[in-house]
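**Student:** There's a structure below that I have some questions on.
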Amino acid sequence: MIHSQKMHLAIFFPLMIVIGVGVFWYVQKNPLGSTTSDVAIDTTTPQTTDTLPTGEPSQIQKNTLANNTTGKQEHPLAILDKQRVEDIYAIQSALEHFWDIHGEYPYIDKYLNKLGRDGTACLNAEGFQPAGCADPYRAVVPYDPGLGAYLYMSDGESYFLRFTQDGKSETFPEGEGIYDLTTDGIVPLSYVQYVGEEGDSDGDQLGDAEEIAVGWDPNNADTDGDGFSDFVEVMNGLNPNGDGELPNGEMIRQMFLLMATAQ
Ligand SMILES: [Ca+2]
Ligand SMILES: [Ca+2]
Ligand SMILES: [Ca+2]
């Protein structure tokens, strides 16, 4: 694990800098969400995120309810959370099957591969492959039921599968945050422990400096006041500073996921 962590850090930190600079450049040229003239930042009472907002369903609710065929009333975020945990254990099962046959895990040296998409949609003896691979161990590798992705990296001896929880699942009571399923079990990642002097003033698991860089309120866990925290929105590809999806959301989401590795 020590070797593995060093490998991660050696790869992550240069990439963090590159992505951070890239995001900063992008934000300078393309302000996110609303234009600066109509950004309304609430610096008064922090919004609670414990209850569902009333009125029109949000994009998260629409996306989730459209996929909920059981008809049972559940918190939309709980449906996403439960699906993520099921998916992660299903992928783990396939990875252990791979280990039983080959004595190693599928090696991926690219940083944080998104599982279930493009070149990682199928798993067979050759490792992760595009959809429709021959003799699959896992014919359809699941992908994140939100707008994001599960992330995977392995040196062959160990691996991590990174996923998020929006904190509403009773079957996974650890709460809102970013987690790695590793060969040592589930490890919670804390962005708060990384941010150091900059801190996380509003406790939404997004660092002050990064929130300011992308135009969200570092003193309000729910910048747009829609009942979903800035963290939940960015991890689901939605705009914490207004309606709809987050422009260039996957890059920004990955920036925050990267920060979480520093614990
Ligand atoms: Ca914050
Ligand atoms: Ca915030
Ligand atoms: Ca919000």
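The values are calculated or read from the model by the stated rules, or taken from the named source; none is laboratory data. This structure is a prediction, so every number in the text was calculated from the model and none was measured. With ideal geometry, Cβ positions are generated from the backbone for all residues, glycine too; neighbour counts draw on all protein chains shown. Just so you know, the surface numbers come from the protein's heavy atoms only, side chains and all, with ligands and any DNA or RNA stripped out. Shrake-Rupley method; radii C 1.70, N 1.55, O 1.52, S 1.80 Å.
**Student:** 7 Å from Cα along Cα→Cβ at both A125 and E250: what's the point-to-point distance in nm?
**Tutor:** 3.1 nm
**Student:** Need the full-extension length gain, Q92 to A139, defined as separation in residues times 0.36 nm minus the C-alpha distance. One decimal, nm.
**Tutor:** Going from the current span to full extension adds 15.5 nm.
**Student:** Write down Rg/Rh for segment 99-200, rounded to two decimals, with Rg from the C-alpha atoms and Rh from the Kirkwood relation over Cα pairs.
**Tutor:** On the way: Rg = 15.4 Å, Rh = 15.1 Å.
Here the Rg-to-Rh quotient is 1.02.
**Student:** So how do E96, E211, E104 rank on accessible area, 1.4 Å probe, biggest first, that is with the largest at the start? Numbers along the way, then the final one.
**Tutor:** Working: E96 60, E211 0, E104 90 Å².
Heavy-atom accessible area, descending, gives E104, E96, E211.
**Student:** Among the chymotrypsin sites (Phe, Trp or Tyr not before Pro) in segment 85-114, which ones are in a DSSP loop with at most 14 other Cβ atoms within 10 Å of the Cβ? Mind listing them? Before the final figure, lay out the partial values.
**Tutor:** Numbers: sites: Y89, F98, W99, Y107, Y111; in loops: Y107.
Hits after loop and neighbour filter: Y107.
**Student:** To continue, here is another question. Could you please state how large a percent of the accessible area of segment 135-229 is carbon and sulfur, counting protein chains only and using a 1.4 Å probe?
**Tutor:** Details: 1690 of 3610 Å².
Within segment 135-229, the accessible surface is 47 percent carbon and sulfur.
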